[in-house]
1. Shape verdict for the protein assembly as shown, please, from the Cα gyration tensor: rounded (a/c under 1.5), prolate (a/b greater than b/c) or oblate.
2. Using a label point 7 angstrom from Cα along Cα-to-C-beta, what distances in nm, from shortest up, separate B:Glu93 from the other copies?
3. Would you calculate the convex hull of the Cα atoms in chain A and tell me its volume per residue in Å³?
4. Ignoring everything but the protein chains, give the 1.4 Å probe accessible area of A:Val143 in square angstrom, nearest 10.
5. Taking all protein chains in place and a 1.4 Å probe, what share, in percent, of the accessible surface of region B:64-189 do carbon and sulfur account for?
6. Tell me the carbon and sulfur percent of the accessible area for region B:8-61, rounded to whole percent, probe radius 1.4 Å.
7. Over the alpha-carbon set of region A:41-93, work out the extent along each principal axis and list the three values in angstrom, largest first.
8. Loop-only check: which trypsin sites (Lys or Arg not before Pro) in region A:1-85 are DSSP coil with at most 15 other Cβ within 10 angstrom?
Protein chains: 2
Amino acid sequence: MDAAIGRPRLFDEEAVLAKLTDLFWRQGYGQTSMTEIVRISGVHKPSLYRTFGTKEQLFATVLRRYLAERIAMFAALIEQAGPGVEGVHRFVELFEVDAISERGRDGCLMVMASNELRGTLPGYDFSKIYRRQMREQIRTLIVRALPEGEADSAIAQARTDLLTTYLLGLQVIMRSGADPRSTNTSTLCMSPSTRGKARCA
Amino acid sequence: MDAAIGRPRLFDEEAVLAKLTDLFWRQGYGQTSMTEIVRISGVHKPSLYRTFGTKEQLFATVLRRYLAERIAMFAALIEQAGPGVEGVHRFVELFEVDAISERGRDGCLMVMASNELRGTLPGYDFSKIYRRQMREQIRTLIVRALPEGEADSAIAQARTDLLTTYLLGLQVIMRSGADPRSTNTSTLCMSPSTRGKARCA
DNA sequence: ATAATAGGGTACCGTTTGGTACAGAAAGAG
DNA sequence: CTCTTTCTGTACCAAACGGTACCCTATTAT
């Protein structure tokens, strides 16, 4: 186990990472200075550097943590939504409830990072992994709403891509300060008249 | 009109703005330093400041210019696409051709700015204007594909929102480095088997 | 006790940042 | 020609940046 030699840490790593996740999420990477990170975390700079490495490495840790949490959330929502076409509708509803929440107003940290760090920082790799895993989750949801044997069909892929892309777009919209009521598309799209054919993918 | 007193400018403002638009588009606002702006534009710092003001004001000018250009592009694509449901499909195809282009790989400057500058810089206001105008364009496209008298229906609004959100998501995906071939959803979604009901909005 | 180990906190480092003062150069106006 | 106006370009500024050296304190091992 951990030898636990020397002075014990006075702060909880997980709690600090959670606070810093919110901070980066709100402000982005470049707009967040180490000074601010120190202020929010309550941990002094040298301790941060000893524990998490450079600002870049710290952000990578935050992203890794967020990625796992986010994918888990997707899995939970999909399970909660249930099978069939109804499940797809219910999933989108659940997703939009989250998007309207206080945290959801800031969009998605992963989307933000991939937009900001295009090639320059480690967040770029994470964004690809994130999108691939997110797409895989959506795919299981879609497949469960299709007739058997269509799991690998073109329709399954098209609907998966469309829904994935839509959800990413929704997070962009939320972060750009949209009025939640005016952009709640699913309730409209799922009205009786369009239900069934509405959520084509 | 312009008195033209004093030494004439040695650089073309429009050309410089075009170059800097590409620069900001690629790198974002925070990751682009004045030093780099000087290098790319070929104009020395004091001249830039006299002409465009601070970095923040310069970026605002770039955004304003991009906004107008972008909305004009939307209008052109919609006109080129033609009316009816076929027009919607054709529009999405045209849009995706642009998204796959070299410039399109960097996503949308407006989306990028709204993600990065959330509240801190003038880009935030522009992003709202952009989204509203973009949505308005999409709406005209959608309405032309619906039966008469349905212009203000719930379906029209829902389909407008869905397509708008999808297009924003597409730009996020492109910027995050997706393989253009694997994410070209429209060709799949518009295959004969799904055509008609596929593009529900 | 005492040595060894590791975190806490101050004070500081070199660099880079956005932004400017100032002197010289090029144009029109009288 | 000379005065005024505007742009160019060097050289520079204070402030903020990410990152660290160093000393002190708290803990375990012997």
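The values are calculated or read from the model by the stated rules, or taken from the named source; none is laboratory data. This is a predicted model, so every value here is computed, not measured. A quick note on method: Cβ atoms are made from the backbone with ideal geometry, for glycine too, and the neighbour counts reach across all protein chains shown. Quick note on the areas: whole protein, heavy atoms, side chains included, nothing else; ligands and nucleic acids left out. Shrake-Rupley method; radii C 1.70, N 1.55, O 1.52, S 1.80 Å.
1. On the way: a/c = 2.14, a/b = 1.10, b/c = 1.94.
Because a/c hits 1.5 or more and a/b fails to exceed b/c, the protein assembly as shown counts as oblate.
2. Those separations, rounded to one decimal, come out as 3.7 nm.
3. On the way: hull volume 28.9 nm³, N = 201.
It is 144 Å³ per residue.
4. 40 Å²
5. On the way: 2670 of 5020 Å².
Taking all protein chains in place, region B:64-189 shows 53 percent carbon and sulfur surface.
6. Numbers: 1490 of 2860 Å².
That fraction is 52 percent.
7. Principal-axis extents of region A:41-93 (Cα, largest first): 53, 18, 12 Å.
8. Values: sites: A:Arg9, A:Lys19, A:Arg26, A:Arg39, A:Arg50, A:Lys55, A:Arg64, A:Arg65, A:Arg70; in loops: A:Arg9.
Listed in order of number, the matching sites are A:Arg9.
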